[in-house]
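Undergrad: Please read through the structure below; I'll follow up with questions.
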Amino acid sequence: MARSMLIITRQPPWSGPTAREALDIVLAGGAFELPLGLLFLDDGVFQLASAQHAACVQQKDLTANLQALPMFGVDSLFVAKRSLDERGLGESALPMSMEVLDDAGLNALINRYDHVITL
């Protein structure tokens with residue numbers, strides 16, 4: 001039986017390769033039908049903001065990777081409400097369907113998975 005895995009992405013899309021690496025792990029796991037989830041936490045919520053100009057900071061745009069998640073069977077997407085609020089991002093601006101979690105929901109989510117990887 002496959003072990004479940006939660007990937008927590010905490011880095012903004014423009015700070016280096018970490019945000020892309022987190023998405024690559026999730027896409028690879030989805031391709032192998034692993035039970036996994038993806039949580040956007042802290043500055044990682046900036047990956048969900050629209051109208052990013054990644055080329056200005058010599059980074060690649062992550063929008064296509066985010067949009068590919070459902071095609072790879074990755075439907076367990078989560079975002080921390082506090083992280084959105086602290087950064088002035090609204091739930092209505094989320095580019096896809098995802099579950100918005102309060103602090104208690106975050107704790108319950110993390111405890112649900114066998115393995116947790118934070119990037």
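Condition check ((1) at pLDDT 85 or above; (2) over 12 Å from the mean Cα position of the chain (by Cα); (3) of a type outside the set (Phe, Trp, Tyr); (4) in a helix (DSSP H, G or I)) across all residues:
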| residue | (1), (2), (3), (4) |
| --- | --- |
| ALA68 | no, yes, yes, yes |
| PHE78 | yes, no, no, no |
| GLY88 | yes, yes, yes, no |
| SER92 | no, yes, yes, yes |
| VAL100 | yes, no, yes, no |
| GLY105 | yes, yes, yes, yes |
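Undergrad: Here is a further query. Looking at the stretch 107-119, which of its residues are open to solvent by 80 Å² or more (accessible area, probe 1.4 Å) and assigned to a helix (DSSP H, G or I)?
TA: Matches in the stretch 107-119: ASN107, ASN111, ARG112.
Undergrad: Further question: Of LEU23, LEU84, which residue is in a helix (DSSP H, G or I), modelled with pLDDT under 90 and open to solvent by less than 10 Å² (accessible area, probe 1.4 Å)?
TA: Values: LEU84 fails: modelled with pLDDT under 90.
Just one listed residue meets the conditions, LEU23.
Undergrad: Here's something else I'd like to know. I need the full set of residues from the stretch 2-20 which are crowded, with 16+ Cβ neighbours inside 10 Å and of a type in the set (D, E, K, R), in order please.
TA: ARG10, ARG20
Undergrad: Right, another one. What residue, among those in the stretch 39-55 that are at pLDDT below 95 and hydrophobic (A, V, I, L, M, F, W, C), is surrounded by the fewest Cβ atoms within 10 Å (Cβ to Cβ)?
TA: As a first pass, look at the stretch 39-55 and keep what is at pLDDT below 95: 43-55.
Going one step further and asking which of them are hydrophobic (A, V, I, L, M, F, W, C), we end up with 45-46, 48-49, 51, 54-55.
On the way: VAL45: 23, PHE46: 18, LEU48: 22, ALA49: 15, ALA51: 5, ALA54: 14, ALA55: 9.
Only one residue fits best here, namely ALA51.
The values are calculated or read from the model by the stated rules, or taken from the named source; none is laboratory data. What you are looking at is a predicted structure, and each value in this text was computed from that prediction instead of being measured. Note that each Cβ is placed from the backbone with ideal geometry, even for glycine, and that neighbours are counted across all protein chains shown. Note: accessible area is taken over every heavy atom of the protein model, side chains too, but ligands, DNA and RNA are not part of it. Shrake-Rupley method; radii C 1.70, N 1.55, O 1.52, S 1.80 Å.
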